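Accompanying notes for the structure given below.
The values are calculated or read from the model by the stated rules, or taken from the named source; none is laboratory data. Here the structure is a predicted model, which is why all the values come from computation and not from measurement. Backbone-built Cβ (ideal geometry, glycine too); neighbour counts: all protein chains shown. Areas reflect the complete protein model, heavy atoms only, side chains present, ligands, DNA and RNA absent. Shrake-Rupley method; radii C 1.70, N 1.55, O 1.52, S 1.80 Å.
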Amino acid sequence: MPTNDTINNTNSTLENVSAKVEAAKQTLFNQRDDINNPHTSDTDGEEETHFGYTTVNKAEKQARVADVFTSVAKKYDIMNDLMSFGIHRLWKRYAISLSGVRSGQHVLDIAGGTGDLAKVFSREVGRNGHVVLSDINAAMLEVGRERLINAGCNNVDFVLANAETLAPFDDESFDLVTISFGLRNVTDKDAALKAMYRVLKPGGRLLILEFSKPVFEPLSKAYDLYSFTALPLMGKIIANDSESYKYLAESIRMHPDQQTLKQMMQQAGFENCDYHNLTAGIVAVHRGFKA
């Protein structure tokens, strides 16, 4: 029969192991984060922007978007499958095919959420390469971290970062920067594009996968009907949150169209910019290069 000393020693050992495991998990987060809101009443005064169809002060938008994604984080993947009928996987696969990613490269996946792209990039860059999955939202980043750790992706770091500054990252440090279904939620998209340009190496590539403007009018009307009726209903049933999915539908309509986003990329310094419409323009992949 074990003595009290034996039991105490065993408990102490288990506590030490548990503490080490927890410490190891925490080190997977790069603590050089920059999630502070760059928009305050001091920097932007009463300047306004849109939160879906609602007009808000610039200083408010980041917190409102954070509330949306904190609410939907746990149901994000299943809702993506339901909302797109699984087609989002094909959109992401096509974007990855345009990435040109190679073994040994460094990749930054901004607003990477649950890690769909980062998981593939982890495999493509191999043990000599490196992937950073970044997101401004801790709840989303936690979901992605657990998923990729469980998948055995040991060449990925997880960093809380604001897309408008990408302050944790040095200049010219990535061969590829991607942002998938995240740019429309950024308060200052021009600032984000300039930050992406900054962290890319010369010759590096930016890929933006985002909802865009349908090019076929009858499809556009059907898409609107679906977005503003079915999406909030599914959000209420699956995620118990209809308002967040109402915002997501509205944010798509407020996002720049294909040609406007291409011009914004060019103004940020990117060259050889192009875009590829998917599903008749419901989604588009934009691509640009740093000279």
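Things to note:
- Per-peptide average of other Cβ atoms within 10 Å, ordering 50-58, 199-207 highest first: 199-207, 50-58
- Once Rg and the Kirkwood radius are both taken over the C-alpha atoms of segment 99-198, their ratio Rg/Rh works out to 0.94.
- Charge dipole (the chain, unit charges on Cβ, about Cα centre) - positive-most of 163, 285, 263: 285
- Local net charge near residue 68, Cβ-Cβ under 14 Å (Lys/Arg +1, Asp/Glu -1): 0
- Counting protein heavy atoms only, the chain has 52 percent of its accessible area on carbon and sulfur, 1.4 angstrom probe.
- Surface per residue (accessible, 1.4 Å probe) for the chain, Å²: 49
- Residues residue 263 and residue 46, FRET efficiency given R0 of 25 Å [Cβ-Cβ distance, rounded to 0.05]: 0.35
- Taking a straight line from the alpha carbon of residue 189, these lysines sit under 29 Å away, with near neighbours fewer than eight places off in the same chain left out: 58, 61, 74, 75, 92, 119, 201, 213, 221, 246, 262, 290.
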